[in-house]
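What follows is a single structure, written as structure tokens, with notes after it.
The values are calculated or read from the model by the stated rules, or taken from the named source; none is laboratory data. Treat the numbers as computed from the prediction; the structure is a model and nothing was measured. As a convention, Cβ positions derive from the backbone with ideal geometry for all residues, glycine included, and neighbour counts pool all protein chains shown.
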Amino acid sequence: MRRLSCALLVSLTLVALMFAKEREWQTAAVLKLIANGTETEAVVVPLPGGGAAGESTTSSGKHLRGVYWIKTEKFTYVIPNYCKSNAVGIQWWLYLTVGGQTKISQDSARTLRIVDDDGKERKVHIIERIANEPPKPQ
């Protein structure tokens, strides 16, 4: 029985990979970071019987909140300098070098994947998308 369940799991994984869309990565320039205000980063765990306990995941418990401007050949994207994980709502802060380059892949009209300076692929929301060239009059 165990072999059958392992074989089924492997088969389902292979089927999912066959139908997975290949990401189209583009090189992008990190134009600037605009930061203001602070936002607390904390992990909150529910306790039995109600209530919750939290712990800061950084020494200060605070990070600068802001946005990065990322420029590709066609568009300039404004994205937050953090992304939210689906697991317990942890915020992973992006570290990008202003004036440097990165790779992005657009998931949808609202989200994209970006590779940060640690080489990690992060999913972020698009705050604004700006065409680099104005539309041509017809």
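Annotations for the structure displayed:
- Pick from region 105-138, criterion touching a strand residue (DSSP E or B) at 6+ places or on another chain (Cβ under 7 Å) and hydroxyl-bearing (Ser, Thr, Tyr), ranking: surrounded by the fewest Cβ atoms within 10 Å (Cβ to Cβ): 111
- With respect to the stated conditions, residue 90 fails to be modelled with pLDDT of 95 or more, aliphatic (A, V, I, L, M) and touching a strand residue (DSSP E or B) at 6+ places or on another chain (Cβ under 7 Å).
Results for (1) more than 18 Å from residue 27 (Cα to Cα); (2) at pLDDT 80 or above; (3) among the aromatic types (Phe, Trp, Tyr); (4) in contact with a helix residue (DSSP H, G or I) (Cβ under 9 Å, 6 or more places away or on another chain), shown as yes or no for each residue.
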site: 64; (1), (2), (3), (4): yes, no, no, no
site: 72; (1), (2), (3), (4): no, yes, no, no
site: 85; (1), (2), (3), (4): yes, no, no, no
site: 95; (1), (2), (3), (4): no, yes, yes, no
site: 105; (1), (2), (3), (4): no, yes, no, no
